[in-house]
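Asker: Supplied in structure tokens, the structure appears directly below.
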Amino acid sequence: MVDLKTQYEHIQPDIDHAIQEVIDSTAFVKGPQVKRFQEHLEAYTGAKHVIAVGNGTDALQIALMALGLKPGDEVITPTFTFIATAEVVALLGLTPVVVDVDWDTMNMSVEAVRKAITPRTKAIVPVHLFGQCADMEPLMNLAHEHGLYIVEDACQAIGATYRFSDGTTRQAGTIGHIGCTSFFPSKNLGCYGDGGALFTDDDALAEQITAIANHGCKVRYHHDFVGVNSRLDSIQAAILDVKLSHLDEYTAARNRAAAYYDEALRDDPRFLVPGRLPQSSHVFHQYTLRVVGADRDRIQQHLKEKGIPSMVYYPVPLHMQKAYQDPRYREGDFPVAERLTECVLSLPMHTELTEEQLNYIVTELKA
Ligand SMILES: *Cc1c(COP(=O)(O)O)cnc(C)c1O
């Protein structure tokens with residue numbers, strides 16, 4: 001699905017140098033590389049504050065903690081997403097309220113969110129699934145109308161941009177009150193281990209987030225509240241700083257691969273290519289087809305026999321996960337998400353795909 005080896009080989013001298021510098025300094029934790037990377041990512045994304053943490057799941061958890069949500073508060077999330085989005089809500093004793101998604105973009109349905117708001121709703125967590133922004137303008141308007149927080153799960157969408165109707169453009173993760181991203185190796189900006197970050201323009205929230213990630217401590221050894229220990233280590237920050245300077249090329253390479261798939265598959269009635277939201281760019285963390293006129297699982301088996309990886313992201317919606325059983329929900333409640341779990345198929349998508357590989361993939365897919 002990804003080719004991190006070839007990607008590394010193209011930037012090997014810079015990466016090796018960056019890693020060696022950290023080892024020579026032995027500042028493995030809280031080294032100057034972390035601050036430098038945060039500043040570079042602030043400049044890149046336009047976020048006023050970037051706070052690096054241990055991974056994307058921690059980022060989501062810390063975001064909800066920073067907002068001071070209380071057990072029983074309702075948090076609205078899409079039912080078609082990676083589990084981490086709802087996991088942190090449940091872990092904090094908050095109540096996940098799940099909503100259906102749109103068939104074309106596979107992102108949270110704004111209408112469904114509107115219907116799910118109750119007096120107990122405190123926050124909405126839109127997920128920019130597969131690298132395309134959820135429809136943020138109406139979501140921000142809803143949040144404003146009802147006094148809700150928005151925490152963006154931008155773990156798959158770093159660098160994606162969203163255009164508002166007044167013409168302003170903002171990056172995924174910098175639109176809501178807090179944005180979260182992941183630097184898991186296979187993410188669009190991936191490190192060589194675990195990493196994540198939070199984005200916010202709010203000075204007070206930034207201070208709170210920094211303290212929560214550091215054991216709830218603003219003054220050393222004085223703990224004002226219960227926090228966690230979550231940080232990006234210096235080696236990962238050094239690697240990410242090198243890779244950030246290539247992120248635009250990487251996004252362009254993903255878009256070229258996506259355009260190839262689109263072109264080859266758009267007119268094939270067996271497949272629906274990923275639907276686009278006109279207001280958003282797409283950074284193609286995944287290229288996810290909907291198989292509508294063929295047997296998805298047989299196709300996947302054929303691809304496997306031909307040495308072509310493919311994945312089903314995601315096979316089970318949140319409301320049908322064993323750990324998230326809830327008497328409020330049953331099978332059939334979220335028909336779009338349920339249908340997607342039965343028909344989605346993600347193709348290899350990364351920065352190193354050659355035309356020869358793409359041609360082979362679509363040829364075997366059609367076969
Ligand atoms: C990867 C991912 C996460 C979690 O990130 P980790 O760094 O693996 O903890 C959360 N949400 C979504 C949508 C993701 O894709």
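Asker: 7 Å from Cα along Cα→Cβ at both Glu111 and Asp203: what's the point-to-point distance in nm?
Answerer: 4.4 nm
Asker: Modelling each spin label as a point 7 Å along the Cα-to-Cβ direction, I'd like the Leu91/Glu263 distance in nm, to one decimal.
Answerer: Reported label-point gap for Leu91 and Glu263 is 4.4 nm.
Asker: Over the Cα atoms of segment 253-367, what Rg and Dmax result, in angstrom?
Answerer: Just the Cα atoms of segment 253-367 yield Rg and Dmax of 15.5, 50 Å.
Asker: I need the phi-derived Karplus couplings for segment 28-44: 6.51 cos²θ - 1.76 cosθ + 1.60, θ = phi - 60°, integer Hz, Gly and Pro marked x.
Answerer: My calculation for segment 28-44 gives 5, 10, 6, x, x, 5, 5, 4, 4, 5, 4, 5, 5, 6, 4, 5, 5 Hz in order.
Asker: Kindly state, to the nearest 0.05, the FRET efficiency for Glu9 paired with Trp103, given R0 = 51 Å and r defined as their beta-carbon distance.
Answerer: With R0 = 51 Å, the Cβ-Cβ based efficiency is 0.80.
Asker: Within 10 Å, count the other beta carbons around each residue, average over each peptide in 48-57, 324-333, and list them highest first.
Answerer: Numbers: 48-57: 22.9, 324-333: 12.0.
Result, highest mean first: 48-57, 324-333.
Asker: Also, quick follow-up: In µm²/s, what is D for the chain at 37 °C and 0.692 mPa s, where D = kT/(6 pi eta Rh) by Stokes-Einstein and Rh is the Kirkwood radius from Cα pairs?
Answerer: Values: Rh = 21.1 Å.
For the chosen part, D equals 155 µm²/s.
Asker: What does the net charge come to around Thr351 if you take all other residues with beta carbon closer than 9 Å to its beta carbon, with K and R at +1 and D and E at -1? It would help to have the intermediate numbers written out before the result.
Answerer: Details: positive: Arg254; negative: Asp3, Glu249, Glu352.
Neighbour charge sum, excluding Thr351 itself: -2.
Asker: When the C-alpha atoms of segment 67-180 are aligned to their principal axes, what extent does each axis show, in angstrom, from largest down?
Answerer: The principal-axis extents, from largest down, are 37, 28, 26 Å.
Asker: Taking the Cα centre as origin and putting +1 on Lys and Arg beta-carbons and -1 on Asp and Glu beta-carbons, what dipole magnitude results for segment 53-200, to the nearest 20 debye? Provide the component values of the computation, followed by the final result.
Answerer: Working: 8 positive and 15 negative charges, 49 e Å.
It works out to roughly 240 debye.
Asker: Continuing with the same structure: Highest first, please rank the peptides 113-121, 125-133 by the mean number of other Cβ atoms sitting within 10 Å of their residues.
Answerer: Details: 113-121: 15.0, 125-133: 27.4.
By packing density, highest mean first, the sequence is 125-133, 113-121.
Asker: Right, something else. Pulled fully out, how much extra length does the chain show between Asp248 and Glu355, if you take 0.36 nm times their separation in residues and subtract their Cα-Cα distance? Let's see the in-between values first.
Answerer: Numbers: separation 107, 0.36 × 107 = 38.52 nm, distance 1.97 nm.
Full extension from Asp248 to Glu355 adds 36.5 nm.
Asker: Within a 10 angstrom radius of the beta carbon, how do Leu148, Leu365 rank from fewest other beta carbons to most?
Answerer: Details: Leu148 21, Leu365 24.
Ranking Leu148, Leu365 by Cβ neighbours within 10 Å, fewest first, gives Leu148, Leu365.
Asker: Between Glu21 and Glu331, what length in nm is gained on full extension when 0.36 nm per residue of separation is reduced by their alpha carbon distance? Numbers along the way, then the final one.
Answerer: Values: separation 310, 0.36 × 310 = 111.60 nm, distance 5.34 nm.
Between Glu21 and Glu331, full extension yields an extra 106.3 nm.
Asker: How do the peptides 101-109, 76-84 rank, highest first, by the average count of neighbouring beta carbon atoms within 10 Å per residue?
Answerer: On the way: 101-109: 21.4, 76-84: 24.4.
By packing density, highest mean first, the sequence is 76-84, 101-109.
Asker: Give the total of Lys-Lys pairs in the chain with Cα-Cα distances below 24 Å; include a pair only if its members are 8 or more places apart or on different chains.
Answerer: For the chain, qualifying lysine pairs total 23.
Asker: Considering the dipole of segment 233-300 built from charges on the beta carbon (Lys and Arg +1, Asp and Glu -1) around the Cα centre, which of Ala264, Ile299, Leu247 is farthest to its positive end?
Answerer: The residue sitting most towards the positive pole is Ile299.
Where a number appears in this text, it was derived from the coordinates with a stated rule and is not lab data. Here the structure is a predicted model, which is why all the values come from computation and not from measurement. FYI the Cβ positions are ideal-geometry reconstructions off the backbone, even for glycines, and counts take in every protein chain you see.
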